[in-house]
1. Could you work out Rg/(2.2 N^0.38 Å) for the range 5-154, with Rg from alpha carbons only?
2. Mind listing the long-range amide H neighbours of Gly81? Cut-off is under 5 Å, sequence gap 5 or more, other chains count too, H placed in the peptide plane at 1.01 Å from N.
3. Which loop GluC sites (Glu not before Pro) in the range 388-440, with loop taken from DSSP, have no more than 16 other Cβ atoms within 10 angstrom of their Cβ?
4. Starting from the Cα of Glu233, move 7 Å in the Cα-to-Cβ direction to define the label point; list residues of the range 71-105 whose amide nitrogen is under 16 Å from there.
5. Set the Förster distance to 56 Å, then compute FRET efficiency between Val327 and His394 from the Cβ-Cβ distance, nearest 0.05.
6. Suppose R0 equals 41 Å. What FRET efficiency, 1/(1 + (r/R0)^6) with r the Cβ-Cβ distance, do Gln286 and Asp98 give to the nearest 0.05?
7. Estimate the FRET efficiency between Asp203 and Lys149 by the formula 1/(1 + (r/R0)^6), using the beta-carbon distance for r and 45 Å for R0, to the nearest 0.05.
8. Would you mind computing Rg(Cα) / (2.2 N^0.38 Å) for the range 365-434, counting N as its residues?
Amino acid sequence: MFVDESIVEFKSGKGGNGCVSFHREKHVPRGGPNGADGGRGGDIVLIASRHERTLYDFKLKQSYNAENGHPAIGNKKGKDGKSIILHVPVGTLIVNVDTGEQITDLDYHGKEYLLCQGGRGGHGNLHYVSSTRQVPKIAENGEPAQEKKVRLELKLLADVGLVGLPNAGKSTLLSVMTRAKPKIGNYPFTTLSPNLGVVVSGDDTFTIADMPGLIEDASEGAGLGIQFLKHIERTKVLLHLIDGFPIDDSDPVDNYKLIQKELFTYSENLEKKPMCVVINKCDIAQHEQEATVLKKFQSIGVVPLFISGVSGKGIPELLDHLKKLLVEEEVKMDESLETRLLSEDMSVPILKPEPTIHHRKNLDPGFRVEVDHDTYRVTGEKVERMVAMTQMQHDESVRYLYRRLKKMGVISALEESGIQDNTPVKIGSVDLVYYKDEQY
């Protein structure tokens, strides 16, 4: 089954907790702190692979959780959690479901992307030893996991995109030009999924994708065409295949204009792509009929090639023409890249002095204080992570957290918001109670 889109939830592993521990050994009365760090949580990594064809596996399983890091035990570091490495087809887009923002494009074989990074293991009390704090009873919880809900969208990468009305002979042509084996028959309906094949012509090879047949208003959602038009955007050259001698006596020129309209309505970029117009099924036509069709297309400024997917007539000439168009398109792409690089501003950057302290007051502190009735809420990635990693069961850890919050400006921001003693404060998922203590 060809699946080109799926919504999946990913979650990395949480970091393991650090440990508060002290060296204990006979005849060593003051061994000192030796609490180790927790293990790192597992990552979620996506890798583009040419061996994958669809996103079918992500339809079967739509949630992935990496392993959490293991907690430290005494002076033994916690074991790292196992990462999850997933392979997706080349050409897969990763889009954030909540924001609609494109995260990355896995557009070549072997490209990797770290989607969710595993949480860092919490520090043990050995990490907090200093000249003024020689016996710390402070340790961290592991860093929280990262969660992302994304939409995986597959856009096939092919050199040539084969388009046309249903029953124009696209599947037959693909089977003749490549070793692909699409299901072929005299159906009054279209292929249900794209087929991809590799063309070998002399010393050259290129890929060709047979897109399911388009119908009128496909760009507006009619039929199946809207589901696959996105794949055409990735191709370098378009091959528009037309049944030149349809049994329903429709006009081939009208059929050509219909598909062109749907392509250009969907995306203006498709109008800029080089196109090869091909008249198929000339094996069933007389020479006079071919001449009539040719004259009709020449009247609108189009010079098509005539082939037969069944007999193979005209296929070698078609392959040579496609190779020529691909070479020309690659040259254009190289020239465009070179022009863009040359046009970039290469001027020497101007170094400016750092802003003074009073200017820094207007900078974003990285957190926000919100008041909801009698509850104060502090939001911000850094401050929420800091609180989540604090081991609240240790008084010294709580005091250390208070000092860090005060240094960040969180305490003063709460006081400016009018907070009073014994008022609830929620930071992330942790509930605290504010109490002003001048000794800190």
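1. With N residues counted in the range 5-154, Rg over 2.2 N^0.38 Å equals 1.38.
2. Amide H to amide H, under 5 Å and 5 or more residues apart or across chains, Gly81 pairs with Arg40, Gly41, Gly42, Gly69, His70.
3. Passing both the DSSP loop test and the Cβ count: Glu438.
4. Output list for this probe position: 91-97, 100-105.
5. Once rounded, the FRET efficiency stands at 0.20.
6. 0.10
7. About 0.45, to the nearest 0.05.
8. Scaled against compact globular proteins, the figure is 1.01.
Every number in this text was worked out from the coordinates using simple rules, so none of it is lab data. The structure displayed is predicted, hence computed values, not measured ones. Virtual Cβ from ideal backbone geometry, glycine too; neighbours counted across all protein chains shown.
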